[in-house]
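A.B. asks: Below you will find the structure I want to go over with you.
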Amino acid sequence: MKIIIVGAGIAGLAAAVSLHEAGLTDVSVYERSATIRGLGVGINLLPHAMRELTELGVADAIAALGVAPTTLAYFNRFGQAIWSEPRGVDAGYRWPQLSVHRGRLQLALRDLAEVRLADPVRLGHRLIGITSNADGTETARFATDDGEVTVTADVIIGADGIHSALRALRYPAEGAPSWNGLTVWRGVTRIPAFLDGRTMIMAGDGEQKFVAYPLSDVADDGRMLVNFIAEKRIGGSADADWNRAVDPAPIAELFREWSFDWLDVPAAISAADEILEYPMVDRDALPQWTFGRTTLIGDAAHAMYPNGSNGGSQAILDARMLALHLATADTIDEALSRYEDDRRPAMTTLLAGTRATGPERVMLVAAERAPEGFEDIDDVVPASEREQIAADYKKAAGFLPEMLNERSSLSPVRR
Ligand SMILES: Cc1cc2nc3c(=O)[nH]c(=O)nc-3n(C[C@H](O)[C@H](O)[C@H](O)COP(=O)(O)OP(=O)(O)OC[C@H]3O[C@@H](n4cnc5c(N)ncnc54)[C@H](O)[C@@H]3O)c2cc1C
(Lines give C-alpha, C1' and ligand atoms only; values in the text may rest on other atoms or scores of the structure.)
Protein backbone atom coordinates (compact mmCIF):
# COMPACT_ATOMS: atom_id res chain seq x y z
CA MET A 1 0.00 0.00 0.00
CA LYS A 2 1.53 3.31 -1.10
CA ILE A 3 0.79 6.17 1.29
CA ILE A 4 1.46 9.90 0.93
CA ILE A 5 1.46 12.20 3.95
CA VAL A 6 1.04 15.92 3.23
CA GLY A 7 2.75 18.04 5.90
CA ALA A 8 5.78 17.35 8.11
CA GLY A 9 4.44 18.87 11.32
CA ILE A 10 3.77 16.91 14.49
CA ALA A 11 0.82 14.99 12.97
CA GLY A 12 2.49 14.10 9.67
CA LEU A 13 5.76 12.94 11.21
CA ALA A 14 3.97 10.99 13.95
CA ALA A 15 1.92 9.33 11.20
CA ALA A 16 5.06 8.39 9.27
CA VAL A 17 6.62 6.73 12.34
CA SER A 18 3.29 5.08 13.30
CA LEU A 19 2.67 3.63 9.82
CA HIS A 20 6.17 2.21 9.75
CA GLU A 21 5.73 0.64 13.19
CA ALA A 22 2.44 -0.89 11.98
CA GLY A 23 4.28 -2.57 9.09
CA LEU A 24 3.36 -0.10 6.32
CA THR A 25 6.66 1.01 4.85
CA ASP A 26 5.83 2.54 1.45
CA VAL A 27 5.27 5.95 3.00
CA SER A 28 6.44 9.37 1.74
CA VAL A 29 6.08 12.73 3.47
CA TYR A 30 5.71 15.92 1.40
CA GLU A 31 6.27 19.29 3.09
CA ARG A 32 5.58 22.76 1.73
CA SER A 33 8.54 24.48 3.49
CA ALA A 34 11.97 24.40 1.89
CA THR A 35 13.56 23.47 5.24
CA ILE A 36 12.21 22.19 8.54
CA ARG A 37 13.40 24.90 10.88
CA GLY A 38 11.88 23.60 14.09
CA LEU A 39 9.79 26.69 14.76
CA GLY A 40 7.47 27.54 17.63
CA VAL A 41 7.79 27.68 21.37
CA GLY A 42 6.53 25.25 24.00
CA ILE A 43 3.99 22.48 23.56
CA ASN A 44 2.64 19.94 26.03
CA LEU A 45 2.42 16.23 25.39
CA LEU A 46 -0.20 14.76 27.70
CA PRO A 47 0.03 11.18 29.04
CA HIS A 48 -2.16 9.82 26.22
CA ALA A 49 0.37 11.10 23.68
CA MET A 50 3.35 9.93 25.75
CA ARG A 51 1.82 6.44 25.84
CA GLU A 52 1.79 6.40 22.01
CA LEU A 53 5.36 7.69 21.77
CA THR A 54 6.42 5.04 24.30
CA GLU A 55 4.80 2.26 22.29
CA LEU A 56 6.46 3.61 19.15
CA GLY A 57 9.78 3.30 20.96
CA VAL A 58 10.60 7.00 20.66
CA ALA A 59 9.57 8.33 24.08
CA ASP A 60 13.10 8.30 25.54
CA ALA A 61 14.46 10.36 22.67
CA ILE A 62 11.61 12.86 23.07
CA ALA A 63 11.70 12.91 26.90
CA ALA A 64 15.36 13.94 26.79
CA LEU A 65 14.23 17.19 25.13
CA GLY A 66 11.73 18.33 27.73
CA VAL A 67 10.59 18.50 31.31
CA ALA A 68 7.83 16.52 33.03
CA PRO A 69 5.61 18.87 35.04
CA THR A 70 4.47 17.46 38.38
CA THR A 71 1.56 19.84 38.96
CA LEU A 72 -0.94 22.03 37.12
CA ALA A 73 -2.13 24.99 39.21
CA TYR A 74 -4.75 27.63 38.47
CA PHE A 75 -4.78 31.16 40.01
CA ASN A 76 -6.87 34.30 39.66
CA ARG A 77 -5.46 37.57 38.27
CA PHE A 78 -4.23 38.49 41.77
CA GLY A 79 -2.15 35.31 42.02
CA GLN A 80 -4.50 33.59 44.51
CA ALA A 81 -4.68 29.79 44.20
CA ILE A 82 -7.94 28.30 42.81
CA TRP A 83 -7.14 24.70 41.96
CA SER A 84 -4.14 22.47 41.65
CA GLU A 85 -3.76 18.87 40.56
CA PRO A 86 -0.88 16.44 40.08
CA ARG A 87 0.10 15.65 36.49
CA GLY A 88 1.65 12.72 34.68
CA VAL A 89 2.88 9.82 36.79
CA ASP A 90 2.14 11.81 39.96
CA ALA A 91 -1.53 11.74 38.93
CA GLY A 92 -1.56 7.94 38.57
CA TYR A 93 -0.85 7.65 34.85
CA ARG A 94 1.57 5.03 33.67
CA TRP A 95 3.08 7.68 31.38
CA PRO A 96 4.39 11.19 32.14
CA GLN A 97 3.28 14.52 30.76
CA LEU A 98 6.05 16.34 28.90
CA SER A 99 6.59 20.03 28.22
CA VAL A 100 8.85 20.41 25.22
CA HIS A 101 9.85 22.99 22.62
CA ARG A 102 7.64 22.36 19.59
CA GLY A 103 10.52 22.89 17.17
CA ARG A 104 12.80 20.42 18.96
CA LEU A 105 9.97 17.88 19.01
CA GLN A 106 9.37 18.35 15.28
CA LEU A 107 13.08 17.95 14.44
CA ALA A 108 13.35 14.85 16.62
CA LEU A 109 10.29 13.30 14.96
CA ARG A 110 11.73 14.21 11.56
CA ASP A 111 15.00 12.44 12.39
CA LEU A 112 13.15 9.37 13.69
CA ALA A 113 10.88 9.27 10.63
CA GLU A 114 13.81 9.58 8.23
CA VAL A 115 15.77 6.80 9.94
CA ARG A 116 12.80 4.47 9.94
CA LEU A 117 11.47 5.23 6.47
CA ALA A 118 14.94 5.43 4.92
CA ASP A 119 13.44 8.19 2.78
CA PRO A 120 13.94 11.89 3.50
CA VAL A 121 10.98 14.21 3.83
CA ARG A 122 10.36 15.76 0.41
CA LEU A 123 10.70 19.47 1.08
CA GLY A 124 9.46 22.35 -1.06
CA HIS A 125 6.32 20.44 -2.16
CA ARG A 126 3.09 22.37 -1.62
CA LEU A 127 -0.10 20.43 -2.18
CA ILE A 128 -2.33 22.23 -4.69
CA GLY A 129 -4.74 19.59 -5.96
CA ILE A 130 -6.00 16.00 -5.75
CA THR A 131 -7.68 13.82 -8.36
CA SER A 132 -9.46 10.54 -7.62
CA ASN A 133 -8.73 7.88 -10.22
CA ALA A 134 -11.06 5.15 -11.55
CA ASP A 135 -8.90 2.39 -10.01
CA GLY A 136 -9.42 3.85 -6.50
CA THR A 137 -6.01 5.50 -6.28
CA GLU A 138 -5.55 9.21 -5.66
CA THR A 139 -3.18 11.59 -7.45
CA ALA A 140 -1.72 14.57 -5.58
CA ARG A 141 -0.42 17.66 -7.37
CA PHE A 142 2.38 19.63 -5.72
CA ALA A 143 3.82 23.01 -6.64
CA THR A 144 7.65 23.03 -6.43
CA ASP A 145 10.37 25.48 -7.51
CA ASP A 146 10.87 23.28 -10.56
CA GLY A 147 7.23 23.25 -11.57
CA GLU A 148 4.35 20.91 -10.81
CA VAL A 149 4.90 17.33 -9.62
CA THR A 150 2.19 14.66 -9.53
CA VAL A 151 2.30 11.56 -7.34
CA THR A 152 -0.23 8.72 -7.26
CA ALA A 153 -0.88 6.66 -4.12
CA ASP A 154 -3.41 4.32 -2.54
CA VAL A 155 -3.99 6.68 0.39
CA ILE A 156 -3.35 10.40 0.90
CA ILE A 157 -3.24 11.76 4.45
CA GLY A 158 -3.73 15.50 4.92
CA ALA A 159 -1.56 16.54 7.88
CA ASP A 160 -1.15 20.06 6.63
CA GLY A 161 -2.24 22.05 9.67
CA ILE A 162 -4.81 24.73 10.43
CA HIS A 163 -4.55 26.17 6.89
CA SER A 164 -4.84 22.71 5.31
CA ALA A 165 -4.94 22.68 1.52
CA LEU A 166 -6.58 19.25 1.47
CA ARG A 167 -9.33 20.44 3.82
CA ALA A 168 -9.85 23.52 1.61
CA LEU A 169 -10.20 21.28 -1.46
CA ARG A 170 -12.97 19.36 0.34
CA TYR A 171 -14.61 22.42 1.91
CA PRO A 172 -13.88 25.28 -0.53
CA ALA A 173 -16.39 27.65 1.08
CA GLU A 174 -14.99 27.32 4.61
CA GLY A 175 -12.65 30.35 4.58
CA ALA A 176 -10.25 31.44 7.34
CA PRO A 177 -10.19 29.95 10.86
CA SER A 178 -12.65 31.55 13.28
CA TRP A 179 -11.33 33.98 15.92
CA ASN A 180 -12.75 34.51 19.42
CA GLY A 181 -11.26 38.00 19.78
CA LEU A 182 -8.41 37.05 22.12
CA THR A 183 -4.81 37.63 21.09
CA VAL A 184 -2.12 35.25 22.30
CA TRP A 185 1.59 36.08 22.78
CA ARG A 186 3.95 33.15 23.12
CA GLY A 187 7.57 33.26 24.20
CA VAL A 188 10.41 31.54 25.99
CA THR A 189 12.09 33.37 28.87
CA ARG A 190 14.78 32.65 31.47
CA ILE A 191 13.55 33.60 34.95
CA PRO A 192 13.98 32.62 38.62
CA ALA A 193 12.33 29.25 39.33
CA PHE A 194 8.80 29.55 40.70
CA LEU A 195 6.85 27.22 43.03
CA ASP A 196 8.52 23.76 42.97
CA GLY A 197 10.29 24.41 39.65
CA ARG A 198 8.10 21.78 37.95
CA THR A 199 4.64 23.37 38.06
CA MET A 200 2.63 24.55 35.07
CA ILE A 201 0.57 27.60 36.10
CA MET A 202 -2.40 29.44 34.64
CA ALA A 203 -3.51 32.76 36.12
CA GLY A 204 -6.37 35.07 35.15
CA ASP A 205 -9.83 34.77 33.64
CA GLY A 206 -11.70 34.89 30.34
CA GLU A 207 -10.45 38.38 29.44
CA GLN A 208 -6.78 38.11 30.31
CA LYS A 209 -4.59 35.18 31.20
CA PHE A 210 -0.98 34.14 31.74
CA VAL A 211 0.22 30.54 31.37
CA ALA A 212 3.79 29.42 32.17
CA TYR A 213 5.62 26.13 32.39
CA PRO A 214 9.27 25.11 32.72
CA LEU A 215 11.14 23.85 29.67
CA SER A 216 14.34 23.09 31.61
CA ASP A 217 15.55 22.05 35.04
CA VAL A 218 16.50 24.77 37.51
CA ALA A 219 20.11 25.84 36.81
CA ASP A 220 22.77 26.60 39.44
CA ASP A 221 21.83 30.29 39.30
CA GLY A 222 18.26 29.40 40.38
CA ARG A 223 16.80 30.23 36.97
CA MET A 224 14.99 28.07 34.48
CA LEU A 225 13.80 28.27 30.91
CA VAL A 226 10.06 28.91 30.90
CA ASN A 227 7.50 28.87 28.12
CA PHE A 228 4.72 31.39 28.49
CA ILE A 229 1.47 32.25 26.81
CA ALA A 230 -0.04 35.64 27.61
CA GLU A 231 -3.48 36.45 26.28
CA LYS A 232 -5.89 39.37 26.29
CA ARG A 233 -8.88 40.65 24.40
CA ILE A 234 -7.47 43.78 22.69
CA GLY A 235 -8.64 43.75 19.08
CA GLY A 236 -5.81 43.20 16.58
CA SER A 237 -5.62 40.79 13.69
CA ALA A 238 -7.30 37.45 13.00
CA ASP A 239 -4.53 36.49 10.57
CA ALA A 240 -3.18 33.18 11.91
CA ASP A 241 0.55 33.31 11.13
CA TRP A 242 2.57 31.19 13.58
CA ASN A 243 5.71 33.29 13.10
CA ARG A 244 4.71 36.94 13.65
CA ALA A 245 7.30 38.42 16.06
CA VAL A 246 6.41 41.49 18.15
CA ASP A 247 8.12 43.73 20.75
CA PRO A 248 7.76 42.36 24.35
CA ALA A 249 7.57 45.82 26.05
CA PRO A 250 3.92 46.72 25.28
CA ILE A 251 2.82 43.18 26.15
CA ALA A 252 4.60 43.34 29.54
CA GLU A 253 2.82 46.67 30.11
CA LEU A 254 -0.58 44.98 29.70
CA PHE A 255 0.36 42.77 32.68
CA ARG A 256 2.04 45.48 34.82
CA GLU A 257 -0.15 44.74 37.85
CA TRP A 258 0.49 40.99 37.73
CA SER A 259 3.54 40.85 40.04
CA PHE A 260 2.71 38.04 42.43
CA ASP A 261 4.88 37.11 45.39
CA TRP A 262 5.66 33.80 43.63
CA LEU A 263 6.01 35.02 40.00
CA ASP A 264 6.74 38.40 38.40
CA VAL A 265 4.71 38.22 35.18
CA PRO A 266 5.75 41.54 33.56
CA ALA A 267 9.43 40.77 34.27
CA ALA A 268 9.03 37.30 32.71
CA ILE A 269 7.52 38.78 29.54
CA SER A 270 10.14 41.55 29.32
CA ALA A 271 12.98 39.03 29.56
CA ALA A 272 11.85 37.10 26.45
CA ASP A 273 14.14 37.33 23.42
CA GLU A 274 11.23 37.11 21.05
CA ILE A 275 7.46 37.14 21.36
CA LEU A 276 5.19 35.59 18.77
CA GLU A 277 1.68 36.98 18.34
CA TYR A 278 -1.16 34.73 17.28
CA PRO A 279 -4.94 35.13 17.33
CA MET A 280 -6.95 32.58 19.36
CA VAL A 281 -8.42 30.75 16.37
CA ASP A 282 -9.86 27.33 15.75
CA ARG A 283 -11.93 25.51 13.15
CA ASP A 284 -15.53 24.30 13.28
CA ALA A 285 -16.00 20.54 13.63
CA LEU A 286 -16.41 18.86 10.23
CA PRO A 287 -19.15 16.41 9.20
CA GLN A 288 -16.69 14.28 7.20
CA TRP A 289 -12.90 13.86 7.06
CA THR A 290 -12.59 11.06 4.51
CA PHE A 291 -13.30 11.57 0.80
CA GLY A 292 -12.36 8.68 -1.47
CA ARG A 293 -9.04 7.48 -0.17
CA THR A 294 -7.97 10.75 1.36
CA THR A 295 -8.42 11.76 4.96
CA LEU A 296 -7.36 14.42 7.46
CA ILE A 297 -5.39 14.24 10.72
CA GLY A 298 -4.16 16.72 13.34
CA ASP A 299 -4.98 20.41 13.00
CA ALA A 300 -6.14 19.85 9.42
CA ALA A 301 -9.00 17.80 10.87
CA HIS A 302 -9.66 19.58 14.17
CA ALA A 303 -7.60 22.70 14.95
CA MET A 304 -8.55 23.79 18.48
CA TYR A 305 -7.69 26.51 20.99
CA PRO A 306 -4.66 25.81 23.19
CA ASN A 307 -6.90 25.58 26.32
CA GLY A 308 -6.25 22.11 27.67
CA SER A 309 -2.90 21.77 25.82
CA ASN A 310 -4.33 19.06 23.58
CA GLY A 311 -3.54 19.99 19.93
CA GLY A 312 -0.26 18.12 19.56
CA SER A 313 -1.41 15.18 21.70
CA GLN A 314 -4.58 14.59 19.69
CA ALA A 315 -2.57 14.80 16.46
CA ILE A 316 -0.41 11.93 17.71
CA LEU A 317 -3.51 9.89 18.62
CA ASP A 318 -4.96 10.44 15.13
CA ALA A 319 -1.71 9.22 13.61
CA ARG A 320 -1.67 6.07 15.73
CA MET A 321 -5.34 5.22 15.20
CA LEU A 322 -5.09 5.69 11.44
CA ALA A 323 -1.97 3.50 11.24
CA LEU A 324 -3.66 0.77 13.29
CA HIS A 325 -6.69 0.62 11.01
CA LEU A 326 -4.72 0.82 7.78
CA ALA A 327 -2.60 -2.09 9.00
CA THR A 328 -5.46 -4.29 10.21
CA ALA A 329 -8.67 -3.62 8.23
CA ASP A 330 -9.52 -5.82 5.24
CA THR A 331 -9.77 -2.90 2.85
CA ILE A 332 -8.54 0.68 2.71
CA ASP A 333 -12.11 1.99 2.64
CA GLU A 334 -12.94 0.07 5.80
CA ALA A 335 -9.75 1.33 7.49
CA LEU A 336 -10.53 4.95 6.71
CA SER A 337 -14.11 4.55 7.87
CA ARG A 338 -13.03 2.94 11.15
CA TYR A 339 -10.46 5.69 11.72
CA GLU A 340 -13.07 8.36 11.22
CA ASP A 341 -15.60 6.57 13.48
CA ASP A 342 -13.00 6.31 16.24
CA ARG A 343 -11.73 9.85 16.05
CA ARG A 344 -14.19 12.33 14.51
CA PRO A 345 -17.05 12.17 17.07
CA ALA A 346 -14.52 12.32 19.92
CA MET A 347 -12.84 15.37 18.38
CA THR A 348 -16.22 17.05 17.80
CA THR A 349 -16.94 16.75 21.53
CA LEU A 350 -13.44 17.89 22.48
CA LEU A 351 -13.62 20.91 20.15
CA ALA A 352 -16.86 22.01 21.81
CA GLY A 353 -15.36 21.54 25.30
CA THR A 354 -12.22 23.42 24.34
CA ARG A 355 -14.26 26.31 22.91
CA ALA A 356 -16.02 26.45 26.29
CA THR A 357 -12.48 27.04 27.72
CA GLY A 358 -11.94 23.40 28.73
CA PRO A 359 -10.47 22.87 32.20
CA GLU A 360 -9.79 26.61 32.49
CA ARG A 361 -13.50 27.13 33.17
CA VAL A 362 -12.57 26.91 36.86
CA MET A 363 -10.79 30.28 36.52
CA LEU A 364 -13.79 31.86 34.81
CA VAL A 365 -16.18 30.62 37.48
CA ALA A 366 -13.92 31.97 40.26
CA ALA A 367 -13.60 35.37 38.51
CA GLU A 368 -17.35 35.61 37.95
CA ARG A 369 -18.14 34.92 41.60
CA ALA A 370 -15.22 36.82 43.16
CA PRO A 371 -13.98 39.45 40.67
CA GLU A 372 -11.93 41.25 43.36
CA GLY A 373 -10.36 38.09 44.77
CA PHE A 374 -11.26 36.00 47.82
CA GLU A 375 -10.29 35.07 51.36
CA ASP A 376 -11.02 31.37 50.95
CA ILE A 377 -11.59 29.67 47.59
CA ASP A 378 -13.84 27.06 49.24
CA ASP A 379 -16.39 29.83 49.88
CA VAL A 380 -16.35 30.77 46.18
CA VAL A 381 -16.05 27.49 44.23
CA PRO A 382 -16.47 24.39 46.42
CA ALA A 383 -13.81 21.68 46.03
CA SER A 384 -16.34 19.23 44.55
CA GLU A 385 -17.18 21.69 41.75
CA ARG A 386 -13.50 22.33 41.01
CA GLU A 387 -12.87 18.58 40.87
CA GLN A 388 -15.81 18.04 38.53
CA ILE A 389 -14.59 20.67 36.03
CA ALA A 390 -11.16 19.02 35.88
CA ALA A 391 -12.61 15.50 35.53
CA ASP A 392 -15.15 16.50 32.83
CA TYR A 393 -12.40 17.77 30.56
CA LYS A 394 -10.16 14.74 31.05
CA LYS A 395 -13.08 12.49 30.18
CA ALA A 396 -13.85 14.44 26.98
CA ALA A 397 -10.19 14.38 25.95
CA GLY A 398 -9.86 10.66 26.70
CA PHE A 399 -7.26 10.92 29.40
CA LEU A 400 -8.83 9.98 32.69
CA PRO A 401 -6.06 7.89 34.31
CA GLU A 402 -8.13 4.69 34.56
CA MET A 403 -9.39 5.00 30.96
CA LEU A 404 -5.92 5.52 29.56
CA ASN A 405 -4.08 3.01 31.73
CA GLU A 406 -6.51 0.22 30.88
CA ARG A 407 -7.34 0.69 27.22
CA SER A 408 -5.74 -1.68 24.74
CA SER A 409 -2.69 -0.70 22.73
CA LEU A 410 -2.93 0.97 19.32
CA SER A 411 0.13 -0.98 18.12
CA PRO A 412 -1.04 -3.85 15.87
CA VAL A 413 1.79 -6.09 17.10
CA ARG A 414 0.92 -5.60 20.78
CA ARG A 415 -2.80 -6.36 20.42
C1 LIG B 1 5.53 27.11 12.54
C2 LIG B 1 4.59 26.54 13.58
C3 LIG B 1 4.79 26.89 14.91
C4 LIG B 1 3.92 26.38 15.89
N5 LIG B 1 4.16 26.72 17.19
C6 LIG B 1 3.40 26.18 18.15
C7 LIG B 1 3.68 26.44 19.52
O8 LIG B 1 4.61 27.17 19.85
N9 LIG B 1 2.89 25.88 20.49
C10 LIG B 1 1.84 25.08 20.14
O11 LIG B 1 1.16 24.57 21.04
N12 LIG B 1 1.56 24.80 18.85
C13 LIG B 1 2.31 25.32 17.86
N14 LIG B 1 2.03 25.03 16.55
C15 LIG B 1 0.85 24.19 16.25
C16 LIG B 1 1.03 22.75 16.61
O17 LIG B 1 2.17 22.22 16.00
C18 LIG B 1 -0.22 22.02 16.20
O19 LIG B 1 -1.34 22.61 16.83
C20 LIG B 1 -0.24 20.55 16.61
O21 LIG B 1 1.00 20.08 16.95
C22 LIG B 1 -0.82 19.69 15.48
O23 LIG B 1 0.17 19.57 14.47
P24 LIG B 1 -0.11 19.39 12.94
O25 LIG B 1 1.00 18.55 12.41
O26 LIG B 1 -1.50 18.96 12.69
O27 LIG B 1 0.01 20.85 12.35
P28 LIG B 1 1.32 21.74 12.15
O29 LIG B 1 2.28 21.53 13.23
O30 LIG B 1 0.81 23.10 11.88
O31 LIG B 1 2.00 21.15 10.82
C32 LIG B 1 1.45 21.26 9.51
C33 LIG B 1 2.56 21.09 8.50
O34 LIG B 1 2.00 21.04 7.18
C35 LIG B 1 2.76 21.88 6.31
N36 LIG B 1 1.88 22.32 5.22
C37 LIG B 1 0.90 23.25 5.29
N38 LIG B 1 0.29 23.37 4.10
C39 LIG B 1 0.88 22.50 3.25
C40 LIG B 1 0.69 22.15 1.89
N41 LIG B 1 -0.25 22.75 1.13
N42 LIG B 1 1.48 21.20 1.33
C43 LIG B 1 2.43 20.59 2.08
N44 LIG B 1 2.68 20.88 3.38
C45 LIG B 1 1.90 21.81 3.96
C46 LIG B 1 3.22 23.00 7.22
O47 LIG B 1 4.34 23.69 6.69
C48 LIG B 1 3.56 22.25 8.51
O49 LIG B 1 4.86 21.73 8.49
C50 LIG B 1 2.84 25.51 15.52
C51 LIG B 1 2.65 25.17 14.17
C52 LIG B 1 3.51 25.67 13.20
C53 LIG B 1 3.31 25.27 11.74
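A.B. asks: Could you work out how much longer the chain between ARG256 and ALA329 gets when fully extended? Use 0.36 nm per residue separation minus the Cα distance between them, nm to one decimal. Walk me through the intermediate numbers first.
C.D. replies: On the way: separation 73, 0.36 × 73 = 26.28 nm, distance 5.69 nm.
Gain on extension, ARG256 to ALA329, equals 20.6 nm.
A.B. asks: For THR71, enumerate residues with amide H under 5 Å from its amide H, sequence gap 5+ or separate chain, H modeled in the peptide plane.
C.D. replies: Those lying under 5 Å, H to H, from THR71 are ARG87, MET200.
A.B. asks: Based solely on its DSSP helices, what 222 nm [θ] is calculated for the chain when runs of n ≥ 4 H residues each add -39,500 (n - 2.57) and the sum is averaged over all residues, nearest 500 deg cm²/dmol? Present the calculation step by step, with values, prior to reporting the outcome.
C.D. replies: Working: 13 runs with 136 residues, N = 415.
When only DSSP H runs of four or more count, the value is -10000 deg cm²/dmol.
A.B. asks: List every residue whose amide H lies under 5 Å from the amide H of SER84, counting only residues 5 or more places away in sequence or on a different chain, with H placed 1.01 Å from N in the peptide plane.
C.D. replies: TYR74
A.B. asks: For q values of 0.11, 0.16, 0.19 Å⁻¹, compute log₁₀ I(q)/I(0) with the Debye formula on a Cα-only model of the range 292-378, without solvent.
C.D. replies: After summing over all Cα pairs, the log10 values are -0.43, -0.68, -0.84.
A.B. asks: Please calculate how many Å² of accessible area the chain carries per residue, with a 1.4 Å probe and no DNA, RNA or ligand atoms counted. Present the calculation step by step, with values, prior to reporting the outcome.
C.D. replies: Details: 16580 Å² over 415 residues.
Using a 1.4 Å probe on heavy atoms only, each residue of the chain averages 40 Å².
A.B. asks: What is the percent carbon and sulfur in the accessible area of the range 155-269, measuring with a 1.4 Å probe over the protein chains and ignoring ligands?
C.D. replies: Working: 2510 of 4710 Å².
The nonpolar share, carbon plus sulfur, comes to 53 percent.
A.B. asks: Further question: On a straight-distance basis, which lysines could pair with LYS394 in a cross-link, Cα separation under 24 angstrom, same-chain partners fewer than 8 positions away excluded?
C.D. replies: Result set, ordered by chain and number: LYS209.
A.B. asks: Separate question: Please say if the chain is rounded, prolate or oblate, where rounded means a/c under 1.5 for a ≥ b ≥ c the square roots of the C-alpha gyration tensor eigenvalues, and otherwise the choice is prolate for a/b larger than b/c and oblate otherwise?
C.D. replies: Working: a/c = 1.79, a/b = 1.63, b/c = 1.10.
Here the chain falls in the prolate category.
A.B. asks: If amide hydrogens are placed 1.01 Å from N in the peptide plane, which non-local residues have theirs closer than 5 Å to the one on ARG233?
C.D. replies: Correct list: THR183.
A.B. asks: Let me ask you something else. Quick check on packing: order 330-341, 98-109, 293-304 by the mean number of other C-beta atoms within 10 Å, highest mean leading.
C.D. replies: Details: 330-341: 16.2, 98-109: 21.5, 293-304: 26.2.
The densest-packed peptide leads the list: 293-304, 98-109, 330-341.
A.B. asks: Same structure again: Restricting attention to the range 167-234, which GluC sites (Glu not before Pro) occupy a DSSP loop and are surrounded by at most 14 other Cβ atoms within 10 Å? Write out the running numbers ahead of the final one.
C.D. replies: On the way: sites: GLU174, GLU207, GLU231; in loops: GLU174, GLU207.
Here the GluC sites (Glu not before Pro) that fit, given the DSSP loop and packing criteria, are GLU174, GLU207.
A.B. asks: In the chain, which whole DSSP H runs stretch at least 15 Å along their own axis (Cα) and average -1.0 or higher on the Kyte-Doolittle scale? Don't skip to the answer; put the middle values down first.
C.D. replies: Numbers: long enough: 10-21 (16 Å, 1.30); 102-117 (22 Å, -0.13); 311-328 (26 Å, 0.66); 332-355 (33 Å, -0.77); 383-396 (20 Å, -1.19).
Passing helices, by number: 10-21, 102-117, 311-328, 332-355.
A.B. asks: Just how large is the dipole of the chain about the Cα centre, in debye to the nearest 20, putting +1 at every Lys and Arg Cβ and -1 at every Asp and Glu Cβ? Mind showing how you got there, number by number?
C.D. replies: Details: 40 positive and 58 negative charges, 135 e Å.
Dipole about the Cα centre, nearest 20: 640 debye.
A.B. asks: Picking from THR131, ALA143, LEU112, whose Cα lies most toward the positive end of the charge dipole for the range 107-165 (charges on Cβ: Lys, Arg +1; Asp, Glu -1)?
C.D. replies: The one lying farthest along the dipole's positive direction is LEU112.
A.B. asks: Which ³J(HN,Hα) values in Hz, rounded to whole numbers, follow from the phi angles of the range 120-137 under the Karplus curve 6.51 cos²θ - 1.76 cosθ + 1.60, where θ = phi - 60° and Gly and Pro get x?
C.D. replies: Rounded to whole hertz, the list is x, 4, 8, 7, x, 10, 9, 5, 10, x, 9, 10, 8, 9, 4, 7, x, 7.
A.B. asks: Next up: Could you give me the ³J(HN,Hα) list for the range 218-223, computed from phi with Karplus coefficients 6.51, -1.76, 1.60 and θ = phi - 60°, whole Hz, x at Gly and Pro?
C.D. replies: 6, 7, 4, 7, x, 9
A.B. asks: HN-Hα J couplings of the range 139-148 from phi, Karplus 6.51/-1.76/1.60, θ = phi - 60°, integer Hz, Gly and Pro as x?
C.D. replies: After applying 6.51 cos²θ - 1.76 cosθ + 1.60, I find 10, 9, 10, 10, 8, 10, 4, 9, x, 7 Hz.
A.B. asks: If you don't mind, there's one more thing I want to ask. Explain nothing, just the number: relative contact order of the chain, from Cα pairs under 8 Å at least 6 residues apart, as a whole percent.
C.D. replies: Taking the mean separation of contacting Cα pairs over the length of the chain, I get 20 percent.
The values are calculated or read from the model by the stated rules, or taken from the named source; none is laboratory data. These numbers were taken from a predicted model, which means no experiment stands behind them. So basically every Cβ, Gly included, is an ideal-geometry build from the backbone, and we count neighbours across all protein chains shown. Protein only, heavy atoms only, side chains kept; ligands, DNA and RNA dropped before computing areas. Shrake-Rupley method; radii C 1.70, N 1.55, O 1.52, S 1.80 Å.
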